[in-house]
1. Mind checking the full-extension length gain between PHE69 and THR145? Use 0.36 nm per residue of separation minus the Cα-Cα distance, one decimal, nm.
2. Once every Cα of segment 114-203 carries one equal point scatterer and solvent is ignored, give the base-10 log of I(q)/I(0) from the Debye formula at q = 0.20, 0.22 Å⁻¹, two decimals.
3. If you stretched the chain out fully between ARG196 and SER92, how much longer would it get, using 0.36 nm times the residue separation minus the C-alpha to C-alpha distance?
4. What do you get for Rg/Rh over segment 49-225 if you use C-alpha atoms and the Kirkwood form of Rh?
5. Using 0.36 nm per residue of separation minus the Cα-Cα distance, give me the extension gain between ILE122 and GLN154 in nm, one decimal.
6. Please list 142-148, 64-70 highest first by mean number of surrounding beta-carbon atoms within 10 Å per residue.
7. Note the direction-averaged projected area, equal to a quarter of the hull surface, for the Cα convex hull of segment 96-146, in nm².
8. How high is the FRET efficiency between ARG137 and VAL214 when r is their beta carbon distance and R₀ equals 22 Å, given to the nearest 0.05?
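What follows draws every value from the coordinates through simple rules; no lab data is involved. Computed from a predicted structure; not experimentally measured. No Cβ is skipped: glycine too gets one built from the backbone with ideal geometry, and neighbour counts run over all protein chains shown.
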Amino acid sequence: MNPRSTAYEAVAVTRLSYGGSDSILLVVSEIYLALLFIRENRKKKKMREETKKQLVWLFVIAFWTLGFFFSRWSNPPAFAKEIGRSISVPLSGDAWLPLVYFPLTVVASFVLAQLFFGGGIIFMFFRGVWDSTVFSRLEAIVAETNLISIQYGQLWTMFYYLMILGCNLPLCLWAAQLGASQSLKVLERLQGKLVRPSEEVRWKMLMLIIASIVLAIPSSLAISYA
């Protein structure tokens, strides 16, 4: 039985019994109905927010996957690789580079995803194109590595590439999802809808940046020995 319809029946019966007078029972029934209506609206709103969040995640992962396999199955244009490389971590260089680029790429993914009210998640396509190059280099190292006479430099290089694909990449995808969700809320405000400001995005971004800095430390050691 639907509790909302039950409340409506209770109000109708009370009005018929008391001739529409402002009885205590009538007031209590209508208050109960109002509270039930508010609770249902909150549930629906929460479900809509969860649906939007899942859809944003779907588009972020889909764009990255499309770029990754597009680069593996075809020859992407040079500008696509350059854009992807600019929002990723350098594959070689000084030891301080991961300490800068690990958190910087997370922030860049968050900011770029907010462009065009969430349309900026297309940059995850270019990130996927470049990550395909990183994965291909990792494959080449593994194929050329001899387990009997493996060199420490190769081990450190493989570890560094795995840190980029296994740690930096998920954090950047998460940051892009947060950025796109935040931009959709801004769009709703511009449309005149009442949207409460949320501190959740700021706290999550802060945690992502902290996690990036922590993960950048072993990555810096890896690139220095690679």
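1. Details: separation 76, 0.36 × 76 = 27.36 nm, distance 2.49 nm.
Result: 24.9 nm gained on full extension.
2. The calculated log intensity ratios at q = 0.20, 0.22 Å⁻¹ are -0.94, -1.04.
3. Extra length available between ARG196 and SER92 comes to 33.1 nm.
4. For segment 49-225, the value is 1.03.
5. Going from the current span to full extension adds 8.2 nm.
6. The most tightly packed comes first, giving 64-70, 142-148.
7. Orientation-averaged projected area of the Cα hull: 4.4 nm².
8. The value I calculate is 0.30.
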